[in-house]
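Structure, as structure tokens:
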Amino acid sequence: MDSEPGETDFPPSMGDVVCPFCAMACDDLAVMRDRGGRLRVTDNGCARARSLFALPALPAHCFIKGRAVPLDEALDAAAALLRNAASPAIGGLAADTEGISAALALAERLGAVVDHAASDSLFHGLRALQVSGAMTATFGELRNRADLFVLFGAEFDRHAPRLFDRIVRPPTALFREAAAVRGFLVGPGDGPAPEGFERLTADLTQAPAIAAALSQLVAGERPRGDRVGGIAMEDLVRVAAALREARFGVVGWIAATLDPAAGDVAVEAFNRLVVTANASTRCAGLALGGKGNALGANYVCAWQYGVPLRSRLGAGPPEHDPLRYRLKSLLAGGEVDALLWLSALNGAEVPDTRKPMIVLARPGQPLPRDPEVLIPVAVPGLDHAGSIHRGDGVAALPLRRLRSNTSGLPTAAAVLGALLDRLAGSPLPAPLRETAHV
Amino acid sequence: MSDAYTLLRGGRVCDPAGPAAGGDLQAPRRDLYLKDGRIAAPPPDDARIDAVIELDGRVVMAGAIDIHSHIGGGKVNLARLLLPEEHRQHGSAPDGLRRSGSGLFTPSSFVTGYRYAEMGYTAAFEPAMLPSNARHTHLELGDVPIIDKGCYAVLGNDDFLLERLAAGATQSEVNDYVAWILHATQAVGVKVVNPGGISAFKFNQRRLELDEAHPHYGITPRRILTTLATALSDLGVPHPLHVHCNNLGIPGNESVTRDTIAALDGLPAHLTHLQFHSYGTEGDRRFSSAAAEIAEAVNRSPNISVDVGQIVFGQTITASADIMSQFRNSGLASPRKWVCTDIECDGGCGLVPFRYRDKAFVNALQWAIGLELFLLIEDPWRVYLTTDHPNGGPFTSYPHLIRLLMDRSFRNEQLARINPAVAAHSRLGSIEREYTLEEIAIMTRAGPARVLGLRDRGHLRPGAVADVVVYDDLPDREAMFAAPAWVFKNGRPVARNGRLTPNGEGTGWGDTIVVRPEFDPAIERRLKPWFEDHQTVRLGNFRIADGEILDRGRGGLSIVPTLTASDPCF
């Protein structure tokens, strides 16, 4: 590494900055940096980007049970805690590619379960994929091509900021009239529908039934009944006709707003609807929402180990079980005896658990209680370079360093690497263990 | 760097690209010296030799090179996620040297590197990197240990190129764009997949012939194909256009394959997974082998190289940018789940799991067609061993395929086991040819190295990268090639008897191999607004900086020199 750059090494205004704070991964932000190193989004950021970029790079201490300590001492304490754990877990995983890789390598050393803070939404789509596959398209394709959007969910601005400005109604499009787009919003009535869109108020727990009825209608069948999920059949007939008539329709959903208990069933139904529409025209599914590079964390785990998150690594071959290794359930059931929580980005609220916990977090991360060990880490894309994955699954985007690291915080990858080094001498966990199948 | 040599003493060196008669196994045994990761000339008598390994007449070859294997990137990773059952069945624990991992036909990144190295392969090329997915692909390949790797950028369905061609772009503008893409995506070649067809599918067209106008742009696949092939030739990119022809898998597609060869009209090109493009429509089932006709066309065309895409029986997944074909084949998915994705005005991704069954006529005939191609194409310098991993089967089946090629009685035993109608519909049983070891060395090392422009790989002359494989000369060629006695990567021993071996330095990392032809940077003046007005990633964020690969500390970049007028052509 070269010598530490000073504040003057960074230009006061920067363009095409990538925002790491949600799965939209907008990469067109203009950011100004004042003399104190404070960042300000001056163009193209959403409200979340504006507030998170503006957080100051404060100096931050490591803490052991609320007592400020040097980094080395915190690392020693964390290593001791992990070394003695029988059922460790690594969660949060809100980080860049390198941070995630380092967390997984540590998990492999420990025989730990790995999961992301936002994996419930992720697993709606993943479990549907594991059962029936998927037919999708990416932002760039839809921006230029999609002439109809059927979107299930609520609070689109919060979950998918700038979706309408960038993708649904962009300033320019290659193969359609960008301004003439039509669409339907299916979900709770939470505000006026954008121009060209019609709101169909519905109970989102009924999304599977609604999508199934639409599939039937698109295929030319007539479902029974007058209403499905709160929507009148004649309205669904119009949606189905629009999907058939569209040159390139989209069926999208905000995963976090689906039925928490059966979101995968909804996504399967959306997929069937998309496949049905493709018999005669073009149509694609689009999962929306997500924070903390959740998709990236899942991807890195998949390519390095062959399995998604919610896996136990290092205790024998990688073992994936989307139910058994859901970290929230393991914590609730008292089945974790040491938790390492990684929250270098937003979107990974620290769980309120009394289990011994090591928290690696960006400064300012709210903590429900003092963890055993707290190590502040630098924010990817602000304090150091790296990469993240965009939520539509194809583009990985480069993160730049935008300011000098006056607070001297280490990257998550560096902290995790130091922990791995400290654990290198310890014996590997026994490969044999009891299994209890759910 | 150490000034000491490693001496590999008394091997029978099979080095077809080496000194004269280098492939002659009857020649006297030859000592090989390794130093600083390279093959060295025999040193002076007082040189320090750290290690002497007695080879006792074992067969020595350069590290093998897989020219076409889908080992990383978005679609491979999605395939892993689609099939947790595969990864449940094939997992491995960490053992102090190896990281843990899983998978057989979509192995995880670490396992991919280990398995290749254990088989004596020291380089593999990911053939379908969508430019929009390039950063992900390189991140993933950065986690493939030991072996060198490189990627072919997929062009020919990207809206920028199609729009410029329709607008009458000059060849030199296309050349600049192609060169820019090679730089920006850190690629070593360009692949065209179903030229125009992937884009046409986005306009709801389900099939596109070589001379059929694209529904939106009005240009033909022929035009896309020849323009891209010309671009690579003009730019001096050593690896010629890597072509996945139109109409993959469709009975009767042999005509479009032959038309493609004719359309290239002497331009260098590499036709990939040729087996999937060599189907006729004869017989009761309207599905027949056209291997003889295709092999004949290849034999007559010295500008053409091919890899076969041999199928092996069993479960696998087909993974392709050719979403038009994959959507058409989605009904064949086994298990019944599949993925199709339209990607970024750039390309597509289609995943269809598939089980090749030896008792099914079509699959059994596909198997025979692949072998016919291997055996009927005469010049081993122009036909390379692939299964189009994972599309025809996993790369770990190469030793078995080598035995099929080298051992006629074994081949005919296998032929007798499969669907009996195949023997009647195929000339395979009557082909007497058996590959020699030298021919195997050509098709798995020297040939791929030459067609990729890898001047310091694929041979064992002084100066070459010291990627060396030592085999026991076993009559069972499958056993011989599955577990080489020694594998050296960059001069370091990495595997013994088919298993990774500790060498005190961890498993190590190979290089990412790229090509960087010159071009007029003014092309960015056209590209920058295109990215801003029509894409969802800005140009500066699309381009991959060297540091993104180098700063991870996982292998370097190795730049293939471009060809100049004085170079002997392919």
Order these by the 10 Å Cβ neighbour count, fewest first: B:404, B:97, A:382.
B:97, A:382, B:404
About its Cα centre, what dipole magnitude does the stretch A:122-288 give when the only charges are +1 on Lys and Arg Cβ and -1 on Asp and Glu Cβ, stated in debye to the nearest 20?
440
Explain nothing, just compute: Karplus ³J(HN,Hα) = 6.51 cos²θ - 1.76 cosθ + 1.60, θ = phi - 60°, for every residue of the stretch B:345-354 in order, whole Hz, x for Gly and Pro.
6, 9, x, x, 8, x, 10, 10, x, 8
Can you check what the net charge comes to around residue A:269, using other residues whose Cβ is under 14 Å from the Cβ of residue A:269 (Lys, Arg +1; Asp, Glu -1)?
-1
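What ranking do B:235-244, B:533-542 get when scored by the average of other Cβ atoms within 10 Å per residue, highest first? Mind showing how you got there, number by number?
Working: B:235-244: 25.0, B:533-542: 20.5.
The peptides rank, most packed first, as B:235-244, B:533-542.
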Shape category assigned to the stretch A:122-288 from the gyration tensor of Cα positions, a/c cut at 1.5:
rounded
Quick one: check the C-alpha center-to-center distance for the stretch A:297-322 versus the stretch A:93-141, whole angstrom.
9
Only bridges with both residues in the stretch A:122-288 count here: give the DSSP antiparallel percent, nearest 5.
10
How big is chain A by the Kirkwood estimate over distinct Cα pairs, in Å?
23.0
Rounded to the nearest 500, the 222 nm mean residue ellipticity computed for chain A from DSSP H runs (n ≥ 4, each -39500 (n - 2.57)) alone is -9000 deg cm²/dmol
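Based on the mean of other beta carbon atoms within 10 Å per residue, what is the order of B:350-363, B:543-556, most packed first?
Working: B:350-363: 19.4, B:543-556: 15.9.
With the highest mean Cβ count within 10 Å placed first, the list reads B:350-363, B:543-556.
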Phi-based couplings in Hz for the stretch B:356-371 (Karplus 6.51, -1.76, 1.60; Gly and Pro marked x)
7, 10, 6, 8, 7, 4, 4, 5, 5, 5, 4, 4, 5, 4, x, 5
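Among A:355, B:489, A:291, rank each residue by its count of other Cβ atoms within 10 Å, from fewest to most, as a rough exposure measure. Present the calculation step by step, with values, prior to reporting the outcome.
Working: A:355 18, B:489 29, A:291 23.
With the sparsest Cβ surroundings first, the list reads A:355, A:291, B:489.
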With springs connecting C-alpha atoms under 10 Å apart, model chain A as a Gaussian network and identify which of A:323, A:345, A:110 has the largest mean-square fluctuation.
A:323
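Tell me the mean residue ellipticity at 222 nm calculated for chain B from its helices only (DSSP H runs of n ≥ 4, each -39500 (n - 2.57), averaged over every residue, nearest 500).
-9000 deg cm²/dmol
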Let's see if you can work this out: charge +1 on each Lys and Arg Cβ, -1 on each Asp and Glu Cβ, no other charges. What is the dipole magnitude of the stretch A:203-306 about its Cα centre, in debye to the nearest 20?
280
Helix A:233-245: inclination vs chain A longest Cα principal axis, degrees, rounded to 10, gives 80
Nearest 5 is fine: what % of DSSP beta bridges in the protein assembly as shown come out antiparallel, could you say?
40
Whole-angstrom gap from the stretch B:95-126 to the stretch A:142-191, using each part's C-alpha centre:
42
When only alpha-carbon atoms count, how far does the stretch A:7-52 stretch along each of its three principal axes, as whole angstroms with the largest first?
31, 18, 15
Residues B:129, A:357 arranged by fewest to most Cβ contacts within 10 Å:
A:357, B:129
Taking only pairs that are 8 or more places apart or on different chains, how many Lys pairs in the protein assembly as shown have Cα atoms under 22 angstrom apart?
12
For B:538-548, what's the mean count of beta carbons from other chains sitting within 10 Å of each residue's beta carbon?
4
How far is helix A:412-423 tilted, in degrees, relative to the longest principal axis of the Cα atoms in chain A, given as a value from 0 to 90 rounded to the nearest 10?
50
Go through the stretch B:99-113 residue by residue and turn each phi into a ³J(HN,Hα) via Karplus (6.51, -1.76, 1.60, θ = phi - 60°); whole Hz please, and just put x for glycine and proline.
6, 7, x, 6, x, 10, 9, 10, x, 5, 4, 5, 4, 4, x
Calculate how many DSSP beta bridges within the stretch B:264-396 are antiparallel, expressed in % of all such bridges and rounded to the nearest 5.
75
Sorted by chain and number, the residues with a modelled amide H under 5 Å from that of residue A:133, at a separation of 5 or more or across chains, are B:338
Mean other chain Cβ within 10 Å across B:74-82 is 6
In percent, what relative contact order does the stretch A:263-422 have, based on Cα pairs under 8 Å that are 6 or more apart in sequence?
16
Given charges of +1 on the Cβ of Lys and Arg and -1 on the Cβ of Asp and Glu, with all other atoms neutral, how large is the dipole of the stretch B:480-570 about its Cα centre, in debye to the nearest 20?
420
Can you pull the percent of Cα pairs in chain B with separation above 33 Å?
39
Per residue of A:96-109, what is the mean number of Cβ atoms on other protein chains within 10 angstrom of that residue's Cβ?
2
Going by average Cβ density within 10 Å per residue, which order do the peptides A:260-271, B:51-62 take, highest to lowest?
A:260-271, B:51-62
For chain A, longest principal axis from Cα atoms; helix A:294-305 axis from its Cα atoms; angle between them, nearest 10 degrees, is 70
Once the dipole of the protein assembly as shown is set up with Lys and Arg at +1 and Asp and Glu at -1 on Cβ about the Cα centre, which of A:136, B:138, B:257 lies farthest towards its positive end?
A:136
Which residue, A:267, A:285, A:254, has the largest displacement toward the positive end of the dipole of the stretch A:254-352 when charges sit on each Cβ (Lys, Arg +1; Asp, Glu -1)?
A:285
Alpha carbon centroid spacing (whole Å) that separates the stretch A:38-58 from the stretch B:342-377
51
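Here, each number is a calculation from the coordinates, and none is a lab measurement. Since we're looking at a predicted model, the values are computed, not measured. Here the Cβ is made from the backbone with ideal geometry for all residues, glycine too, and neighbour counts use every protein chain on show.
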